[in-house]
Amino acid sequence: MPTPMIRRFARPLSLAVLPLAVSGVLVSCGSDDSDASGKDAASQEALQNPPASDAPADLILDEASAPEGYTYESAGSESDEDLSDLFGGDDAEGGEVVTPPQCAPLAVDAGMVFQWMMEPADQTAVVSFTFGEDDESGVFVRVTTGAPEGGMPDVAGCGEFTSDSDSAFGAMSKTFQATPVDLSVDGADELTAADVTVTGLFMDGEDIGAEAVGQTARYIVGTVGDRTFDMLAVGDVDDAVVQHLADGQVARLNA
């Protein structure tokens, strides 16, 4: 049975990781409305509360980074639980096959955040920021050691792609569209941002027409030195919130 911490953290993930229950639409966050003052504030915040070490758990955004009205939650916050010990292992691989394969990092609707949580705690930290009582809107953040698995995604080459996997219910196939997003964060060595839309869901070849179809999430991945950070924004999230958290995360990695 999931621990109380897992249940609390999992509640806002219903939108991000359960493709048959996704609802809500991400508010576009590709505008250039953010200004230098917001980035300066993020840098000052990082300097005032610098990481205690270079471990992912110390480098990731903390509760002080939560935008106004947002609730912070950390996976592993209780007794430093390593969820990989509970659910991980050699058999944890979901067997998802993405075509073309370089688009795999952009297949972000199904289980990605839970996959982050299954990674060893000494290599990965995961937190969420959800808006008030709205469990369908939030930003999920990961910091991990090393470079992005498979390299930085080429969004331009992933305008349309598919993901196929087998489950106890049958053969699941999903189709996606990815659109590049113009997003910049001072201090990031590399950065890619995309809006990813689920365009189809099929079970054993039959269109199951779930609510996930037509919904969009924003995915951001970047590097700072030998660390990678990922962000997934789902639901009704304002562009300024995404920019604030991205600025803050990079500033903290550079602090």
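Only the coordinates and a few stated rules stand behind these numbers; no lab work does. All values derive from a computational prediction rather than experimental measurement. Every residue, glycine as well, gets a Cβ built from its backbone with ideal geometry; the counts of neighbours run over all protein chains shown.
Per 0.36 nm of contour for each residue apart, how much would the distance between Glu149 and Asp236 grow if the chain were fully extended, relative to their Cα-Cα spacing? It would help to have the intermediate numbers written out before the result.
On the way: separation 87, 0.36 × 87 = 31.32 nm, distance 2.84 nm.
Additional length available on full extension: 28.5 nm.
Provide the FRET efficiency to the nearest 0.05 for the Asp189-Asn49 pair, computing r from the beta carbons and using R0 = 25 Å.
On the way: r = 23 Å, r/R0 = 0.91.
Result of the calculation: an efficiency of 0.65.
Can you pull a Stokes-Einstein diffusion coefficient for segment 184-229 at 20 °C (1.002 mPa s), Rh from Kirkwood over Cα pairs, as a whole number of µm²/s? It would help to have the intermediate numbers written out before the result.
Details: Rh = 12.9 Å.
Reported coefficient: 165 µm²/s.
Within segment 155-176, whose backbone N sits under 16 Å from a point 7 Å along Cα→Cβ of Gln102?
Residues 155-162 qualify, since their backbone N sits under 16 Å from the label point.
Between Tyr72 and Asp207, what is the FRET efficiency for a Förster distance of 35 Å, r being their Cβ-Cβ separation, to the nearest 0.05?
0.35
For Ala52, what is the net charge nearby, where nearby means another residue's Cβ is under 13 Å from its Cβ and Lys, Arg count +1, Asp, Glu -1?
Computed value for this residue: -2.
Taking R0 as 35 Å, what's the FRET efficiency between Asp58 and Ser167 from their Cβ-Cβ distance, rounded to 0.05?
Numbers: r = 37 Å, r/R0 = 1.05.
Plugging the Cβ-Cβ distance into 1/(1 + (r/R0)^6) gives 0.45.
Normalising by the residue count of segment 177-255, find the relative contact order in percent from Cα pairs under 8 Å and 6+ residues apart. Walk me through the intermediate numbers first.
Values: 121 pairs, mean separation 22.0, N = 79.
Relative contact order for segment 177-255 comes out at 28 percent.
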